Amino acid sequence: MKHPFFRTLKYGILLGCGVYTLFWILLVLIYDNPIDSTPKAMDVLLFIGISVGTTIYYKLRVAGGQLSFSEGLVMLTLTYYSLVVTQTLLLYMTLKLSPDLLDTVKQARLAALEAEKESWLKRLKTPNDFEILKQQVRMLTTAVILWQETGFRLLVGFIVSIVGATGLRS
């Protein structure tokens, strides 16, 4: 792993995972419900910023302004997905170490549904659908929350990797 590409990739991943871990610890210390308390796009923007930043650093400082499509694709993809894996592990550990957090998430989401009941009833076909929606929130599990938090990010990571590798190539 003495090649500059892999060295830059390794340090970019370590830096990104460290920054996100500190960010997550701060959220857990500040909020009772860190899962729903932060804007959803905030961590995605952090992931994109770290991935693109690592790739640009490699292109400008290490590779002398040259970056092939495959190098950009690998660098962006591995950096982004390592951050998604880090987020998933941190979220899983937080939910397992704090069993009350899952109940807090359920209660917060149920309260949000009740607060916006009128707008939900307008969107749903029957009032019974609203009760079904509330029942689905009550049945939330750790696995469902993990999928909700990471599924969208995986798709965004794929798109960012393709577009970024195309845009940053030399």
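Please treat every number below as a calculation from the coordinates, not as lab data. Values in this document were obtained by computation on a predicted structure and should not be read as measured data. Virtual Cβ from ideal backbone geometry, glycine too; neighbours counted across all protein chains shown.
By the beta-carbon count within 10 Å of each Cβ, the least crowded to most crowded order of 91, 15, fewest first, is 15, 91. When each of 118, 71, 131, 149 is scored by the number of other beta-carbon atoms lying within 10 Å, the sequence from fewest to most is 118, 131, 149, 71.
List the lysines whose alpha-carbon lies under 30 Å from that of residue 2, not counting same-chain residues fewer than 8 positions away? Straight-line reach from residue 2, under 30 Å: 10, 59.
Ordering 43, 32 by the number of other Cβ atoms within 10 Å of each residue's own Cβ, fewest first, gives 32, 43.
Let me test this: with uniform point scatterers at the alpha carbons of the chain, what is the Debye-based log₁₀ I(q)/I(0) at q = 0.10, 0.11, 0.12 1/Å? Once normalised to I(0) and log-transformed, intensities are -0.49, -0.57, -0.65.
For the pair the stretch 9-88 and the stretch 134-170, the centres of their Cα atoms are 14 angstrom apart. Potential lengthening of the chain between residue 56 and residue 137 amounts to 25.0 nm, from the contour at 0.36 nm per residue minus the alpha-carbon distance. Residues of the stretch 84-126 with an amide N closer than 16 Å to a point placed 7 Å from the Cα of residue 146 along the Cα-to-Cβ direction: 84-99, 102. Only lysines eight or more places from residue 117 in sequence, or on another chain, were considered; those with a Cα closer than 24 Å are 40, 106, 125, 134.
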